[in-house]
Amino acid sequence: MRVAVVRFPGSNCDQDALHSLRDDLGIAADYAWHEDRDLSGFDAVFLPGGFSYGDYLRCGAIASRAPILDEVRRFAREGRPVIGVCNGFQVLCEAGLLPGALMRNLSEKFVCKTVWLQAGNRSSLWTRGVPDRPIAIPIAHGEGRYLCDEDTLKRLQDRDLVAFRYVDRDGRRTPEANPNGSLDDIAGILSEGGNVLGMMPHPERATNELLGGTDGRTILSALLAVRA
């Protein structure tokens, strides 16, 4: 298993992702540049957080048109693992690989703290290793409010495509536990095939006990399972 960590102008969580994969999880990973047109030799893709192209249009909108996205789409079609975190989630939505959009937080403030997540789907590549309890994962975003139309929301619910929801430490869904006003408390969603995951919280920042916990391992260890 070798993971491509895609770098866009304005990416700022790419080093976190590479360090987490390589040093904490023991997964081979290397950077890929947004202008690359070939991801041969890679088995999975990680779209990291940051402010691609300075968020000058819509978050992720310009990055979603980068040459490398053709390869990311190919990976998605072929059922290979693709994960987009924070800005990466925004890119996946703008590229049409996931439905919905990420908008300004309801508070209109940037939020940076640890939140609690509960896995909604229990059987996907990305969630089958997540324990049946709330997990603690950091967030850092200003435009993390997930929104979609009613038909899309019903499809996500009916097809079990909600990967994670915001809860409190006791697993309760409350307004206070939702840090950005996301519809249905959604923190992450899956593609129809389950191989593409977009999530706003940062699992790569929770893979080392010295840095605040290891609950992120329960998500990213999906890549170890693929390697095996």
Check your understanding: Does segment 85-110 hold any residues that are part of a loop (DSSP other than H, G, I, E, B), of a type outside the set (Asp, Glu) and farther than 17 Å from PRO203 by Cα, and which are they?
Key -> ALA95, GLY96, LEU97, LEU98, PRO99, GLY100, ARG104, ASN105, LEU106, SER107, LYS109, PHE110
Review point. Restricting attention to segment 174-228, which residues are in a loop (DSSP other than H, G, I, E, B), closer than 26 Å to PRO99 by Cβ and free of Cβ contacts under 8 Å to residues at least 40 places away in the same chain?
Key: THR174, ASN178, SER182, GLU192
Review point. Which one is surrounded by the fewest Cβ atoms within 10 Å (Cβ to Cβ), of the residues in segment 1-23 that are within 18 Å of the chain's Cα centre (by Cα) and acidic (Asp, Glu)?
Key: ASP16
Revision key, fill the gap. The number of residues in segment 51-76 that are among the hydrophobic types (A, V, I, L, M, F, W, C) and modelled with pLDDT under 95 is 1
Revision key, fill the gap. Counting only residues in segment 136-180 that are in contact with a Ser or Thr (Cβ under 8 Å, 6 or more places away or on another chain) and surrounded by fewer than 18 Cβ atoms within 10 Å (Cβ to Cβ), the one farthest from HIS202 (Cα to Cα) is identified as ASP160
Revision key, fill the gap. If we keep only residues of segment 211-228 that are touching a helix residue (DSSP H, G or I) at 6+ places or on another chain (Cβ under 8 Å) and at pLDDT below 90, then the residue nearest to ALA4 (Cα to Cα) is LEU211
Practice item. Check VAL130, VAL115 and return the single one that is of a type outside the set (Phe, Trp, Tyr), part of a loop (DSSP other than H, G, I, E, B) and either surrounded by 15 or more Cβ atoms within 10 Å (Cβ to Cβ) or at pLDDT 95 or above (or both). Key: VAL130
**Study point:** Subset of segment 133-151 (residues that are in contact with a Lys or Arg (Cβ under 8 Å, 6 or more places away or on another chain), assigned to a strand (DSSP E or B) and without any contact (Cβ under 8 Å) to a residue 60 or more places away in the chain)
**Key:** ARG145
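The values are calculated or read from the model by the stated rules, or taken from the named source; none is laboratory data. In this text the structure is predicted, and so the values were computed from the model without any measurement. Cβ coordinates were reconstructed from backbone atoms using ideal geometry, including for glycine residues, and neighbour counts include every protein chain displayed.
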